[in-house]
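> One structure coming up, written as structure tokens, with questions to follow.
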Amino acid sequence: MQSHIQPVDLDRGGRLINHGPTVLVSARHDDVENVMSVAWCCGLDFDPPKLTVVLDKTAQTRTLVENSGRFVVQVPTIEQVGLTNKLGTMSLYDDRDKLVHSGASFFEMPGYEMPFLTGCSAWLACSLIPEPHMQEEYDLFVAEVTAAWADDRVFRNGRWHFETSDPKFRSIHHVAGGQFYAIGEARNAKDL
């Protein structure tokens, strides 16, 4: 594990996605691994921490999540906007070399046999809470966050520091048709 990747207390883990970034969801099952872009990921609960994520029936990552019961939610940076777009428009069903062609690379966190995408600013290891009706009817998956990490160059002391960190660490937010925005300026309500 790289020295700038630090564990995040689970009671602060929800903050990694609370600002609504586009995320990358990765999973592995039977030596097949994949990662996909997801615009709809949301915190659900604090204790234990839970989140929801929408995974379309056409995505192979969904099949990997359903079969393994585990996945990783990652927060990509503005430097990964091209990769994020590729991972959201390429399918492993259509291109067996999707990961090579997209440029995606993984690493593993000690004690977790799941694919963690290199270069992101945060990672949440998740365990699926099976909700067959919601998964089938709404493509909505519920998971417990079992561990979390963040790049301490942009997330430390339980908070994001986009305003004082290198802009290359800003999270991205997909709006439509390959158009993304990087997170903007910080404003504290007490100062207004």
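The values are calculated or read from the model by the stated rules, or taken from the named source; none is laboratory data. All figures in this text were calculated on a predicted structure; none of them were measured in a lab. Cβ sites come from the backbone with ideal geometry, for glycine too, and all protein chains shown count toward neighbours. Keep in mind that these areas ignore ligands, DNA and RNA; they rest on the heavy atoms of the full protein, side chains included. Shrake-Rupley method; radii C 1.70, N 1.55, O 1.52, S 1.80 Å.
> Checking the condition of a type in the set (G, A, S), within 20 Å of G43 (Cβ to Cβ) and either exposed (fewer than 15 other Cβ atoms within 10 Å of the Cβ) or without any contact (Cβ under 8 Å) to a residue 60 or more places away in the chain (or both), which residue from A186, A176, A143, A147 passes?
Numbers: A176 fails: within 20 Å of G43 (Cβ to Cβ); A143 fails: either exposed (fewer than 15 other Cβ atoms within 10 Å of the Cβ) or without any contact (Cβ under 8 Å) to a residue 60 or more places away in the chain (or both); A147 fails: either exposed (fewer than 15 other Cβ atoms within 10 Å of the Cβ) or without any contact (Cβ under 8 Å) to a residue 60 or more places away in the chain (or both).
After ruling out the rest, the residue left standing is A186.
> Out of the residues in region 150-173 that are open to solvent by less than 30 Å² (accessible area, probe 1.4 Å) and either aliphatic (A, V, I, L, M) or more than 24 Å from T84 (Cβ to Cβ) (or both), which is farthest from the chain's Cα centre (by Cα)?
Taking the candidates together, the pick is G158.
> Given the residues V65, V100, which is the only one that is out of contact with any Gly (no Cβ under 6 Å at 6 or more places or on another chain) and surrounded by 19 or more Cβ atoms within 10 Å (Cβ to Cβ)?
Values: V100 fails: surrounded by 19 or more Cβ atoms within 10 Å (Cβ to Cβ).
Within the list V65, V100, the selection yields V65.
> Between residues in region 11-37 that are closer than 24 Å to F162 by Cα and residues that are open to solvent by 50 Å² or more (accessible area, probe 1.4 Å) and among the basic types (K, R), which pairs lie under 9 Å by C-beta distance while being six or more apart or on different chains?
That search, which allows pairs on different chains as well, returns R12/R159; R15/R159; S37/K86.
> Against the conditions (1) part of a helix (DSSP H, G or I); (2) more than 13 Å from the chain's Cα centre (by Cα); (3) among the basic types (K, R), where does R15 fall short? Just the number, please.
With (1) part of a helix (DSSP H, G or I); (2) more than 13 Å from the chain's Cα centre (by Cα); (3) among the basic types (K, R) applied to R15, the lone miss is (2).
> Within region 68-87, how many residues are buried (at least 19 other Cβ atoms within 10 Å of the Cβ) and farther than 25 Å from S165 by Cβ?
2
> Across region 110-126, which residue is farthest from Q80 (Cα to Cα) among those that are in a loop (DSSP other than H, G, I, E, B) and within 15 Å of the chain's Cα centre (by Cα)? Reasoning before the result, please.
Within region 110-126, the subset in a loop (DSSP other than H, G, I, E, B) is 110-115, 118-121.
Narrowing the set further to residues that are within 15 Å of the chain's Cα centre (by Cα) leaves 114-115, 118-121.
Values: M114: 20, P115: 17, T118: 10, G119: 8, C120: 8, S121: 10 Å.
The extreme case among them is M114.
> Quick check on L92: is it more than 25 Å from F46 (Cα to Cα) and either in a loop (DSSP other than H, G, I, E, B) or open to solvent by less than 80 Å² (accessible area, probe 1.4 Å) (or both)? Give the steps one after another, and end with the answer.
Details: more than 25 Å from F46 (Cα to Cα): yes; either in a loop (DSSP other than H, G, I, E, B) or open to solvent by less than 80 Å² (accessible area, probe 1.4 Å) (or both): yes.
Spelling it out, L92 is indeed more than 25 Å from F46 (Cα to Cα) and either in a loop (DSSP other than H, G, I, E, B) or open to solvent by less than 80 Å² (accessible area, probe 1.4 Å) (or both).
> Have a look at E66, E79 and point out the one that is assigned to a helix (DSSP H, G or I), touching a residue at least 40 places away in the same chain (Cβ under 8 Å) and closer than 18 Å to R28 by Cα. Outline the logic, then answer.
Details: E79 fails: closer than 18 Å to R28 by Cα.
None of the others qualify; the one that does is E66.
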